[in-house]
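To start, the structure itself, in structure tokens.
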Amino acid sequence: MESNKSLSAWQKSQQYIPGGVNSPVRNFSKVGEHPRFIDRGAGSKIYDIDGNEYIDYVASWGPLVLGHAHPDVVKAVNAAASRGTSFGAPTTLETELAEIIVNAVPSIEQVRLVNSGTEATMSAIRVARGYTGRDKIIKIDGCYHGHVDYLLAKAGSGVATFGLSDSGGVPEDFARNTLTVPFNDPETLKTTIEANADEVACLILEPIMGNMGIIPPREGYLNELREITEQHGIVLIFDEVITGFRVAYGGAQSYYGVIPDMTCLGKIIGGGLPVGAYGGKREIMQCVAPEGDVYQAGTLSGNPLAVSAGITTLKKLAEPGVYEQLESRAATLASGLAEATQKHGIDAWHSRVGSMLMLYFTSESVTDADGARTADTERFRQYFWGLLERGVSVAPSQFEAGFVSLVHSEEDINTTVQAATEVIANL
Ligand SMILES: *Cc1c(COP(=O)(O)O)cnc(C)c1O
């Protein structure tokens with residue numbers, strides 16, 4: 001497979017951009033070699049600048065549930081652009097997207113639009129702190145909430161501890177108020193809360209972990225979190241930047257029937273353009289300026305192009321049969337992959353919720369971040385390249401989810417299963 005043009009594009013981009021990319025995982029550093037530079041996308045396919053075609057399961061890391069360059073989205077963006085790209089004044093489009101979100105997501109009575117998932121989590125936590133007057137926050141080991149300073153912390157050895165940041169440039173003081181506990185472990189959460197009585201503003205988590213592969217919550221886990229946080233006056237924040245409008249129209253909270261106090265959204269609600277949102281109970285959202293004293297702002301927030309792409313995408317997702325189709329296509333893919341690993345005696349843990357799926361190369365069961373860390377990344381590297389050579393693009397990391405979209409045809413899925421089976425047979 002020819003990739004000379006991508007190689008020279010990368011050599012040039014590295015001169016001007018750190019690592020040659022504007023988000024680290026794009027640079028293929030986890031799988032070696034150079035990234036493929038993309039020329040265009042259409043439906044379920046992407047095409048690189050060397051002319052190679054791939055069936056795409058990265059979906060821009062989640063947003064493209066309608067596939068690439070969906071004609072209705074393109075039309076909506078064009079129409080918005082021709083009327084002006086930004087005003088710094090309210091438009092009715094913003095209210096339209098906000099209304100759709102409020103009607104769809106059970107926990108959201110009011111919502112603020114921002115430009116990314118990172119902004120959404122950062123702002124939600126500021127609001128939770130303002131609302132409770134408390135400083136400490138609890139996050140879950142392995143959950144990703146964007147590149148917010150104090151959210152780049154994880155726990156040591158599965159025990160709740162004061163967070164140490166995983167990133168350079170984050171002062172210890174910034175991470176000091178971040179406590180970390182394991183996923184699917186309500187007991188450690190309880191102990192941690194009791195040890196910090198009346199000091200914890202919020203618990204933030206991905207209700208389905210989607211940044212260490214896919215790790216679903218154990219039965220009843222989210223209900224327990226709801227109870228514990230309620231008892232202690234702690235704001236429960238679901239980061240549904242991936243799962244919102246992905247696993248169900250109302251997100252993981254409607255899928256599992258557990259309603260948090262606040263919710264963060266991103267990815268799908270922008271239809272492939274930069275959007276994020278945070279919302280929740282009216283009483284909490286009334287803390288946000290200019291109603292309240294928690295400041296949060298954005299020059300391009302509620303941008304008409306991004307909001308138009310979002311509205312168009314969410315309207316499509318409200319049509320009947322959408323989530324059934326996503327479920328059935330993803331189920332076919334997942335069972336094809338499971339059959340292949342079983343047949344060829346490859347240790348694997350398969351994980352899927354709706355159209356998010358993951359294949360870990362491990363003999364362990366994966367119910368938290370430590371389980372995910374047992375995966376064999378060298379084996380994943382071989383799997384990744386085997387797929388890419390056969391025209392299937394998955395994320396270049398063992399710990400990033402695959403996404404099935406509405407434009408993946410049965411033929412796409414069958415081709416993918418066939419390719420994966422060949423690759424797995426040769427691992
Ligand atoms: C992608 C993601 C974010 C960050 O969103 P950006 O738009 O990349 O800033 C936050 N939370 C979760 C769960 C995500 O998957």
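For the range 168-217 versus the range 343-374, the inter-centroid distance based on Cα atoms is 23 Å.
If you plug the beta carbon distance of residue 364 and residue 87 into 1/(1 + (r/R0)^6) with R0 = 60 Å, you get a FRET efficiency near 0.70.
Translational diffusion coefficient of the chain at 4 °C, 1.567 mPa s, Stokes-Einstein with Kirkwood Rh over Cα pairs, in µm²/s as a whole number.
Numbers: Rh = 22.2 Å.
Rounded, D is 58 µm²/s.
A simple spin-label model places the labels of residue 50 and residue 4 1.0 nm from each other, with each point 7 Å out along Cα-to-Cβ.
Residue 78 to residue 190: FRET efficiency via 1/(1 + (r/R0)^6), r the Cβ-Cβ distance, R0 45 Å, to the nearest 0.05? Walk me through the intermediate numbers first.
Details: r = 53 Å, r/R0 = 1.17.
After rounding, the FRET efficiency stands at 0.30.
A Förster distance of 41 Å, applied to the separation of the beta-carbon atoms of residue 347 and residue 198, puts the FRET efficiency at 0.35.
Run the accessible area of the range 5-48 with a 1.4 Å probe and give the carbon-and-sulfur part as a rounded percent. C and S fraction of accessible area: 51 percent. What the range 57-191 shows is 45 Å² of accessible area per residue, with the surface traced by a 1.4 Å probe over protein heavy atoms. Highest mobility in the GNM of the chain, judged by mean-square fluctuation with C-alpha springs under 10 Å and restricted to 263, 243, 229, is found for 229.
Leaving out ligands, DNA and RNA, what percent of the accessible area of the range 77-148 is carbon and sulfur, probe 1.4 Å?
Values: 1590 of 3210 Å².
The nonpolar share, carbon plus sulfur, comes to 49 percent.
Most simply put, the chain has about 60% antiparallel DSSP beta bridges, counting only bridges with both residues inside it. For residue 3, what is the net charge nearby, where nearby means another residue's Cβ is under 9 Å from its Cβ and Lys, Arg count +1, Asp, Glu -1? Result for the local shell: -2.
Kindly report the accessible area of the range 298-338 per residue (heavy atoms of protein chains, probe 1.4 Å, no ligands, DNA or RNA), in Å². Write out the running numbers ahead of the final one.
Details: 1590 Å² over 41 residues.
Result: 39 Å² of accessible area for each residue.
Per the 1.4 Å probe, what fraction of the accessible area of the range 215-370, in percent, lies on carbon and sulfur atoms? Walk me through the numbers before you get to the answer.
Values: 2930 of 6040 Å².
Whole-percent figure for carbon plus sulfur exposure: 48.
The values are calculated or read from the model by the stated rules, or taken from the named source; none is laboratory data. Every value quoted in this text rests on a predicted model; they were computed, and no experiment measured them. A quick note on method: Cβ atoms are made from the backbone with ideal geometry, for glycine too, and the neighbour counts reach across all protein chains shown. Just the protein is used for accessible areas: all its heavy atoms, side chains included, with ligands, DNA and RNA removed. Shrake-Rupley method; radii C 1.70, N 1.55, O 1.52, S 1.80 Å.
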